[in-house]
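Below you'll find the structure, written out as structure tokens, and then a few comments.
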There are 2 protein chains.
Amino acid sequence: MSLSMYQASIPVFIHMMGNLSVILDKAAAYAETKKIDPSVLINARLAPDMRPLSFQVQVASDMAKGCAARLAGIDPPSFPDTESTFPELKERIAKTIAFLKSVNAAQIDGTEERDVVLKMRGQETRFKGQPYLLTYVLPNFYFHLTTAYAILRHNGLDIGKADFLGVR
Amino acid sequence: MSLSMYQASIPVFIHMMGNLSVILDKAAAYAETKKIDPSVLINARLAPDMRPLSFQVQVASDMAKGCAARLAGIDPPSFPDTESTFPELKERIAKTIAFLKSVNAAQIDGTEERDVVLKMRGQETRFKGQPYLLTYVLPNFYFHLTTAYAILRHNGLDIGKADFLGVR
């Protein structure tokens, strides 16, 4: 079977967001064992002008659900970015995965040329579906997933690349 | 045109490795301006048991050239992982990009079902071409690119996500 827009997006998002949820479980357990206030990890940053862990999870979610919705031509669920605990971040991931699972291959396949319009900082950016997925969504999605991983790793969480990749 | 194995890999690698090269230019200039020994940045890590910047660049290169070679059924160029300066790391990227450009779409397209065998830590892992690209190469490639970015950002380099994405 040929590579399709669906295969290159939705199952990848579901798998990687699931891995992130397991990493957050490990972070929550680490905080409990070490008597670290979970908010210390959730608000941790790699640089003062980088965003904290919670934001990295929220934007990874936004990239995945936004991509699924824009390619399918439907409205994405709106989440208010108020998560401030590990259970809330895990719930955000679970809701994102549930939405991704509700989108089927027929809605995504064949969207290589679909017009996608993003509004960012008051400006419109226009893409076709394929470059939107390959040059915008996937780099951003992995950027925020990896940054979430790196924040936790930098703060002492004992995880490895197998956790990131979901090799179990 | 339908999404193809070539489109989902080689042009993405070339674009993102080019962005990394520009980021290394900025890092080299930053080191010079701030009178930082460049090796401080090149050996910087986000955690004591994470790998340094040089390794992140080398593995991003390995993921890209290994994917191109394995899908095309040719031998990848072998680079000895001895780079220890910014010019050497940039040369590694340039050689990687040159190899990627030497591989054409006809060599990569249609490799969704190609058998790929990886030897990792003495063990063989077998993939078909499509899951090899989607669940192994791309997550690893972006993981190491983002970690390289994060190491430099954590060490004070003034770059933003536009540099990572190559939005110029």
Entries of A:Lys101/A:Lys161; A:Lys26/A:Lys90; A:Lys65/B:Lys26 with Cα pairs more than 23 Å apart: A:Lys101/A:Lys161; A:Lys65/B:Lys26
For B:Ser84, label point 7 Å along C-beta direction: distances to other copies, nm: 4.9
Shielded by partner chains, the range B:143-162 residues - at least 40 Å² of accessible area, 1.4 Å probe, vs chain alone: B:Phe143, B:Thr146, B:Arg153, B:His154, B:Lys161
Calculated FRET value between A:Ser78 and B:Glu113, using beta carbons and R₀ = 41 Å, to 0.05: 0.55
Copy-to-copy label separations for A:Thr33, where each label sits 7 Å from Cα toward Cβ, in nm and ascending: 4.2
Over the range A:101-151: Rg over Rh, Cα atoms, Kirkwood Rh: 1.06
From the C-alpha gyration tensor of chain B, square roots of 5λ in Å: 29, 17, 14
Among B:Ala29, B:Ala72, B:Phe143 - extreme Cα towards positive end, dipole of the protein assembly as shown, charges at beta-carbon: B:Ala29
Globularity ratio of the protein assembly as shown, using Cα Rg and 2.2 N^0.38 Å: 0.97
Charge tally in the Cβ shell below 12 Å around B:Pro139, where Lys, Arg are +1 and Asp, Glu are -1, B:Pro139 excluded: 0
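All other residues with a Cβ under 13 Å from the Cβ of A:Ile14 taken together, and with Lys, Arg as +1 and Asp, Glu as -1, what is their net charge?
+3
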Near-label residues of the range B:38-57 by backbone N, under 20 Å of a point 7 Å along Cα→Cβ of B:Glu88: B:38-46, B:51-57
Positive minus negative residues near A:Phe79 (Lys, Arg vs Asp, Glu; Cβ under 12 Å): -2
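What do you get for Rg/Rh over the range A:125-168 if you use C-alpha atoms and the Kirkwood form of Rh?
1.16
The values are calculated or read from the model by the stated rules, or taken from the named source; none is laboratory data. Here the structure is a predicted model, which means the values were calculated and not measured. Quick reminder, even Gly has a Cβ in these numbers, built from the backbone with ideal geometry, and neighbours come from all protein chains shown. Only protein heavy atoms, including side chains, enter the accessible area calculation; ligands, DNA and RNA are left aside. Shrake-Rupley method; radii C 1.70, N 1.55, O 1.52, S 1.80 Å.
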